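Here's the structure we're looking at; comments come further down.
Derivation of every value follows stated rules applied to the coordinates shown; laboratory data play no part. All figures in this text were calculated on a predicted structure; none of them were measured in a lab. Quick reminder, even Gly has a Cβ in these numbers, built from the backbone with ideal geometry, and neighbours come from all protein chains shown.
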Amino acid sequence: MGKGGGKGGKSGLGKALGLVGAVAGFAFPGMFGISSGLLWVQRTAGAIMGLSLGQTIGSALDPIDQETKASSFDSKMNTVDSDARIPLVYGTRMIGGLQSWHQTNSDDKWLIKDVILGEGQFSGAYGLTANGYLLKPNGNIPTVVRQYTTNSHYMSSISTGNNPVFGLINWKYPDASVEIKNGGWGRPTDNDKQLILRWGTNEVKIWLQDPVDLNDDSSNDYNCSFSLLYQYLEGIHYDTNFAAEGWQVVNPVVISDPPEDLATCSRTGCYQKPVMFRLESYDATNDSWIQFFDGTQGAPEYYEKSGAYPNMAYLHAYLKYSDKLGAGNPTVVCIAHGRKIYDTRTGKTDYSENPAMIVRDFLINRTFGAGHFITADMLDEDSFKDVANYCDEIITSTDGAGRSITEPRYRLNIVVNEKQTYLETLQNMLACFAGFLVFTNGKVALKVEKAESAVYSFTDDNIIADSISYKADSTADSPNRYNVKYIEPNLNWTAVPVIVEDLVSQAASPIGRGKVISKDVELIGVTSQSQASRLGKIYRDLVRLCPITMTFKTGMQGMHLEPGDVVLVSHKMVVEGKEVDLFKDMPVRILQIQDDNGEYTLTCRQYNASIYDDRFGGNLQLHSYTPIQPGDEEEIMPTAVPQPENLSAYTVYKQGPDGAVAYDLVVKYDLPDGYGIETGLVYYKTNEDYDLENAGVIEEDVPADEIGFSREWKYAGDAPGEFIFSNVNVGVTYKIMVRCRNINGGVSSEVGAPTETITIARKTEVPNTPAGFSVVFGQTCKFVWEPVTNSDVDFYELRSDENAGEQEGLIARTTNTSVEASLTERTGTVYLFAHNATKAYGYPAVLEYSKEEPPTPEVPKLEAKLGGFSITADPIPNGCMGMSIYISASGADNADTVIYTQNNVYSHMCGAGIYDVQIAYKDIFGEGNKSQVSSVLVKVLVDNDFLDDEAVSVEKIDKVIQDAIDQGIEAKNQVVQLVGNLNSEDGAKNYSALVQLEDAINLRVKKDDVINQINVSPESILIDGSKVHVTGDTIFDNNVITNGMVQAGAISTDKLAAQDIAIGVDPTTGIVGGAVRLDENGLTVTGDMGRRLSLTTKA
């Protein structure tokens, strides 16, 4: 059984599971399964990816924020707070929002107010109310109505201004129908209507009345209230069988308007298709209205007064005073269809309740999500699509009312309106569909707890010997009743619990434990009782059927595995000299993989695919993966988390700047290896911690000063090896207990946990000699030692002699157990004294130290550059700070230049010549021996051979500069600097630029259409300008200025100075001026009439 190479090999980057916040991940990497010894890149992965798979359960059972804020469940108030967070709404939820602006008129008795619903473009809304009374919509408001069938799932968006109140659907009878008509004969009061439900041969008429029609005995309360009508139809607090017959209330809005105000509706079929009802009139809010803006609108004219409107959905309400609305500031509420999100499966942005697509949107959103840490290119998009399709699969299950419900497996409807970290929000989302995130192949991938096949088998042949450890969590204190809290739309979107129980565990002994242990689970994004029940079942069965966790190491077999994979494990052990199977093909899910140079450590939890059956009765299958006989388990299987070791406690004296004395209580302990232990849990009692009046029954023979020890243990906190109680009081006796907690949340038993008792008291004895005194040489000399605990030490004194308290010879004083100091000699002796509050010194700890000189470097490597050279040495040795570079002209006795650098590579600019270079490593005491001499020849001129032609064209430079202007890109192997405001209207017309390429340098200044530039390349130098001014003495080599390089008529006679001017033999050339011509034949003067006078020289 193998995984193949389809997923590709792993780098060391992605071997830690889960996702969370950068702050938490960096501060407490072990909290997320990230080893503190991992590379920085891996720690970054841990910061981005921190929710371990074990926290798939933990996100629901042990949330990071132990106290879920009430507003996470109840968001139906208008918040008026300039510091409040703008709500975030995914899916459909009732929300009051954030009031951002209002205007009043006391004379006309009206109030106008804006209420921000949330970030992004919203899909619609319904149930828009003020103080519980439905408001008339101003314009059409889209309303999303869910519709599911056995083979398909879709949600339709209906554009309506009718503001539906509720709907009805029947899942069982194809002929089911509904009707609302005016009350006929026998109606209880005037204006009453009838809601008629028909299915099969059944017909039920329900009167719709006004609250004023309520009977004295309240026997018709469900006829007079929408809230009670919904409960009546759902069988909540009423003995009705509508739910059992397949009836279900859809999109209910709890309003205070009378049910008799519903509009009539002709008989309409409702089998697997909801029929929606609306009000006929708005008597309670007749002159008021409300308008919905979805987030795509422009800002209103009063934007500067209110702010926060761009890309935000909001309500604009005009509220007229009435007896129903009353005075003051009525609360405006709606049921909002939250922000539209992009679905990578369809390529469309639309309304969605799909958890995978919502988590994706949240992860990459920079406004309110994790987008500052995670971008779209970091996501494994296929994994998000796979989970999205799994969540969308239509399932049919039986709800608590006994009806068969067809719905997607998982939906997410969540509102976040409290300030919290994106980690907390993400954790709340993942808990609502048993999702978890992994970091693999350099990508963030989404996965979900579901039935999967094993992809690999591990046996003792590919498990590194003696590396496997395992434990079975004790079930003695594990929950057997789960109160799963979710949002119930039929109860006005309030939180209600659904109970998921393990009745076998609750049964009396010997069948069960004979007690009920409850656990609250909060799913703030679940609005379906069926979904809450199914998730509760998964969490229950994970705890009771998958108690074994294990850790083992393997070789390259772990390279192609991923966190979340299911593998099989077989392991043998020797019992009484006989080798037996401890595990045989036991499936486990990988929680974490850690790569240590090709050796992989896998942490796994027992896996059972049958717990993911969507049916409530379940199809649970119990397997035995060990042939060990009953009664032998305790001898072989570790049944409890081991206890901490070497517990100790001591006090530390401290004195504040004002002279106030205080004590800290330090608790130290060691955590056992090999059991996945992540931290120690510290508990305490004190002899003073009791209230005598409320102490209850006190056992006999308990001294008064020990009554506090008979109370319950108090939890102080956790730490992996040292915990500090700050500012404890003198005279109080503390009893300390420490227990271990492993990576899966298992805690060692209180029975057998180590304890330590200590009384906080002043300690005046002479301080002991500090132990563990040592020094580490680096950039400084760092001295460290162990604390002295037998006395109230107020400082430690580090000296070069034994004269404690004297200024001469003092190196440093400190209240800490380490100090950085300066020494002047490579060898010597230092002394460390402890001094206490009674001004007594103890005997010193003596440390003789010796620091070797830095090693002699190898000859440095020199490489000539144009106008300089580079120096490369071997890496700076440990214990050294850097190196000194000695540079001199070749043959000189002494170095002209001495340079110090902390790096082993240095670039030096200089003139032309031959240079000798030596280096010497340097530590805090000075330099070591110099290296042998290395020489280099430096040139500053370009050879003439390079100037034959112009290799770099002006067009080439133009393109580089234009790219820099248009794109602002800094490309590889080039430097582009621009000076000018390129963002201005004329920015690209006026600027200066310096471009340095591998093969050219261009310097240019542009103004309007005039460009002046100098272009330098290995082949040529170009000077291009509308005006070129050369000052100073200028020399042109022989034959540099040739034919065609001087414009005709450019040189006048006043610029000529010569004794002889030679005339060539070409008959067409000569000296011509007006009618006079001088050439090789002589002087010729031509008159007006064409007559010529010639003077020639005859041989």
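Data overview
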{"item": "Derived scalar couplings ³J(HN,Hα) [the range 463-471; Karplus, 6.51 cos²θ - 1.76 cosθ + 1.60; whole Hz; x for Gly, Pro]", "result": "9, 4, 4, 6, 9, 8, 9, 7, 7"}
{"item": "Highest to lowest packing among 783-795, 816-828, 206-218, 438-450, scored as the average C-beta count within 10 Å", "result": "438-450, 783-795, 206-218, 816-828"}
{"item": "Centroid-to-centroid separation of the range 181-232 and the range 782-814 [C-alpha atoms, Å]", "result": "89 Å"}
{"item": "Order by protection proxy (mean Cβ within 10 Å, highest first), peptides 489-497, 582-590", "result": "582-590, 489-497"}
{"item": "³J(HN,Hα), Karplus 6.51/-1.76/1.60, whole Hz, each residue of the range 338-350, x for Gly, Pro", "result": "x, 4, 6, 10, 7, 9, 5, 6, 9, x, 10, 9, 7"}
{"item": "Inverse of mean 1/r across different Cα pairs in the range 861-938, Kirkwood, Å", "result": "12.7 Å"}
{"item": "Debye equation applied to the C-alpha atoms of the range 477-538, log10 I(q)/I(0) at 0.13, 0.16 Å⁻¹", "result": "-0.38, -0.53"}
{"item": "Footprinting exposure proxy for 924, 1021, 524, 405 (fewest neighbouring C-beta atoms within 10 Å first)", "result": "1021, 924, 405, 524"}
{"item": "Convex hull projection area averaged over all views, the range 853-896, Cα basis, nm²", "result": "4.2 nm²"}
{"item": "Listed pairs 172/340; 172/193; 320/348; 324/485; 553/714; 172/515 exceeding 31 Å between Cα atoms", "result": "172/340; 320/348; 324/485; 553/714; 172/515"}
{"item": "Ranking of 781, 265, 432 by count of other Cβ atoms within 10 Å, fewest first", "result": "265, 781, 432"}
{"item": "Cα-projected label distance for residue 323 with residue 762, points at 7 Å along beta-carbon direction, nm", "result": "7.8 nm"}
{"item": "Mean Cβ neighbour count within 10 Å, used as a protection proxy, ranking 766-775, 676-685 highest first", "result": "676-685, 766-775"}
